[in-house]
Amino acid sequence: MSRTTDLRSRELFERAHAVIPGGVSSPVRAFNAVGGTPRFITSAQGAYLTDADGNRYVDLVASWGPMLLGHAHPEVQAAVEAAVRRGTSFGTPTEPEVELAEEIVGRTPVDLVRFVSSGTEATMSAIRLARGFTGRDVVIKFAGCYHGHVDALLASAGSGLATFAVPGTPGVPASSTELTLVLPYNDRDAVTAAFAEHGDRIACLITEAAPGNMGVVPPEPGFNAFLAETCAAHGALFVSDEVMTGFRASPQGQWGLDGALEGWAPDLMTFGKVMGGGFPAAAFGGRADVMSRLAPEGPVYQAGTLSGNPVATTAGLATLRLATDDVYAHLTKAGETIKAAAAEALTDAGVPHTISSSGTMFSVFLCEGPVRDFADASRTDAAAYAAFFHAMLDAGVYLPPSAYEAWFLSAAHDDAAVQTIVDALPGAARAAAEAGKATK
Ligand SMILES: *Cc1c(COP(=O)(O)O)cnc(C)c1O
């Protein structure tokens, strides 16, 4: 039984295929991991998406994180409309970018911030700056952490722990990843060994502040502090990628959960998603002495025609100003309800699962725990998730179309929206149980 029709989405997907590779502008949107036709969304309001066939879904993707306040928030819309009327791009400094920078500096440990247009640009630029500042070339990243499609970071582990990486995709030259080390997440021994062997060549270690791109895999207590200390001891920079977690996991991002508590700060941070308020805006920031090495103050080149765009920074500023403690308290409460309902439904259906969280972010792995790194996360039952996903979709809940993603709530997820999710879970859990059996 399918509650939803997808005729119009199918038509659009066919047309899209004729002119766009895979019919999508970013691969995960294509539903390849779950099968079926991606829904073409025509409008969204609050917690709900409406597709081209007129189906309405409670949205648990939130544009992959940005829509913290829900879709089409009236105050954000009004600010954006006013900004559009003033003109959309000037190629000059503007007041909204100063205000957004002040807001970010006020919430996080960074002294200075530079705007870019995507999270990818933010991490790419942070790495260039770390290399320029230290005069070193090697970068460490963790398997399962995603930092955008930067050549040097689309890397897979080489044959041994402290050996250099190989390209993770065709099109990335070996020369781009031969200065990248890929280590298992939450593994202190691997970090210690890599620094022991290559310490004086390491420009920076970059990590998701709490990984969300292999599903949510929280840092073990003290892990980020350990990384910061290890980097400092070897003269390398600690780059904390908060593109997903920033202003999402807590009002101060993941840093607000462990950095503020444990008393350390990253040398550089990257932001995106929520800070753009649904527009293409991202940023990197950090210590004043490091950031001032950027052009025009310093020699490290970095630039962007649309960087700090006045409409995008206005949307981001309006969003952050409305992202009060109440919003995060609401996300926590709604998240607890959904996590408890998911655990109960999956337990009742006999589906192995692990629910993992960091701050207000969480995800549901369809495998036994613990899930502490990418190898663990990879045990999730993808076929069971596909069945789970489609059952939820048919019941009017839009989950991420991939088993390795966080479920994102918004301030607009009221009791009715949460109840729709809770009501859909038992049926979806039974569908997952059937599909899981079939693949055994
Ligand atoms: C989404 C994401 C990026 C990339 O951002 P884009 O805007 O998609 O380029 C980088 N790092 C993390 C942690 C992300 O979640």
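Some observations on this one:
- Remark on Cys204: its backbone amide H falls under 5 Å from those of Ile140, Leu237, a criterion applied only to residues 5 or more positions apart or on other chains, H modelled at 1.01 Å from N.
- In this structure the amide hydrogen of Tyr48, modeled in the peptide plane, comes within under 5 Å of the amide hydrogens of Asp59, His71, none closer than 5 places in sequence on its chain.
- Under Karplus coefficients 6.51, -1.76 and 1.60, residue-wise ³J(HN,Hα) of the stretch 197-214 in Hz, glycine/proline x: 7, 10, x, 7, 10, 8, 6, 7, 10, 10, 9, 5, 4, 9, x, x, 9, 10
- If only the Cβ of Lys and Arg carry +1 and only the Cβ of Asp and Glu carry -1, the dipole of the stretch 74-322 around its Cα centre is close to 420 debye.
- Accessible-area composition of the chain, carbon plus sulfur, in percent [1.4 Å probe]: 54 percent
- Counting only DSSP beta bridges with both residues in the chain, the antiparallel share comes to about 55 percent.
- Listed residues Ala62, Ala260, Ala281, most fluctuating in the chain (Gaussian network, C-alpha, under 10 Å): Ala260
- Over the stretch 74-322 - Rg/Rh using Cα atoms and the Kirkwood inverse-distance radius: 0.97
- Computed with a 1.4 Å probe over protein heavy atoms only, the accessible surface of the stretch 74-322 comes to 38 Å² per residue.
- Computed from the Cβ-Cβ distance with R0 of 25 Å, the FRET efficiency linking Ala438 to Glu344 stands at 0.60.
- Share of alpha-carbon pairs per 20 Å distance bin for the chain, given as whole %: 26, 58, 16, 0
- For the stretch 44-110 and the stretch 376-407, distance of Cα centres in Å: 26 Å
- Karplus-derived HN-Hα couplings along the stretch 95-103 (A = 6.51, B = -1.76, C = 1.60, θ = phi - 60°), whole Hz, x at Gly and Pro: 5, x, 5, 5, 5, 5, 4, 4, 5
- Maximal additional length on extending the Val28-Asp137 stretch stands at 36.1 nm, based on 0.36 nm per residue less the C-alpha distance.
- GNM on the chain, alpha-carbon springs under 10 angstrom: the most fluctuating residue among Val351, Val166, Val98 is Val98.
- Whole-Hz ³J(HN,Hα) from phi, Karplus 6.51 cos²θ - 1.76 cosθ + 1.60, for the stretch 260-266, glycine and proline x: 4, 6, 8, x, 10, 9, x
- With both labels modelled 7 Å from their Cα along Cα-to-Cβ, the Glu336 to Leu261 distance reads 1.6 nm.
- Secondary-structure-derived ellipticity at 222 nm for the chain, considering helices only, amounts to -12000 deg cm²/dmol, per-run term -39500 (n - 2.57) for DSSP H runs with n ≥ 4.
- Amide H partners (placed H, <5 Å) of Asn213, local residues excluded: Tyr146
- Site pair Leu306 and Ala196 shows an inter-label distance of 4.8 nm when each label is modelled 7 Å from Cα along Cα→Cβ.
- Legend: calculated FRET efficiency, Val105 to Ile20, from the Cβ-Cβ distance at R0 = 41 Å, rounded to 0.05, equals 0.60.
The values are calculated or read from the model by the stated rules, or taken from the named source; none is laboratory data. Quantities reported herein were computed from a predicted structural model and do not represent experimental measurements. All Cβ positions, glycine included, derive from the backbone under ideal geometry; neighbour counts span all protein chains shown. Heavy atoms of the whole protein, side chains included, go into the accessibility calculation; ligands, DNA and RNA do not. Shrake-Rupley method; radii C 1.70, N 1.55, O 1.52, S 1.80 Å.
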